[in-house]
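Worksheet: one structure, shown below.
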Amino acid sequence: MNMVVPLIGLEPGERGVVVNIAGGSGLRSRLYAMGIAPGVIIRVLEKHQFGPVVVEAGTTRLAVGRGMAGKVLVRKV
């Protein structure tokens, strides 16, 4: 099953391919600059009840705010 979910919906250890960013051009530009763009495989490293989601995109580790992570749509792999 290839479900599309927000990045915030993945649990630590799960991976997903970015399919869309549901936000304005400013948000998209910021995420693209961080290496998060459609087609990129992201793995969630850490996710807690509060605070950012720590992800790995390629060889880069990033902390993405929960609001931003909710707008990154990924297909689980």
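When only residues in the stretch 26-48 that are assigned to a loop (DSSP other than H, G, I, E, B) and either loosely packed, with under 14 Cβ neighbours inside 10 Å or not small (G, A, S) (or both) count, which is farthest from the chain's Cα centre (by Cα)?
Filtering the stretch 26-48 for residues that are assigned to a loop (DSSP other than H, G, I, E, B) and either loosely packed, with under 14 Cβ neighbours inside 10 Å or not small (G, A, S) (or both), the one farthest from the chain's Cα centre (by Cα) comes out as H48.
Six or more apart or on different chains, Cβ atoms under 8 Å: show the pairs whose first residue is in the stretch 27-46 and on the phi < 0 side of the Ramachandran plot and touching a residue at least 24 places away in the same chain (Cβ under 8 Å) and whose second is assigned to a loop (DSSP other than H, G, I, E, B) and of a type in the set (D, E).
Matching pairs, first to second residue: R43/E14; V44/E11; V44/E14.
Working carefully through the options G23, G70, find the one that is in contact (Cβ under 8 Å) with a residue 60 or more places away in the chain, touching a helix residue (DSSP H, G or I) at 6+ places or on another chain (Cβ under 9 Å) and surrounded by 13 or more Cβ atoms within 10 Å (Cβ to Cβ).
G70
Could you list all residues from the stretch 9-46 that are closer than 13 Å to M68 by Cβ and basic (K, R)?
Those that are closer than 13 Å to M68 by Cβ and basic (K, R): R28, R30.
Which one of the conditions (1) in a strand (DSSP E or B); (2) free of Cβ contacts under 8 Å to residues at least 24 places away in the same chain does G51 fail to meet, given that it meets all the rest?
G51 satisfies every listed condition except (1).
Please go through the stretch 10-27 and give me each residue that is aliphatic (A, V, I, L, M) and either touching a Gly at 6+ places or on another chain (Cβ under 7 Å) or over 12 Å from K76 (Cα atoms) (or both), ordered by number.
Correct list: L10, V17, V18, I21, A22, L27.
Readers should treat all values here as calculations from the given coordinates under stated rules, not as data from a laboratory. Bear in mind that the values here come from a model prediction, so they are computed numbers and not experimental data. Note that each Cβ is placed from the backbone with ideal geometry, even for glycine, and that neighbours are counted across all protein chains shown.
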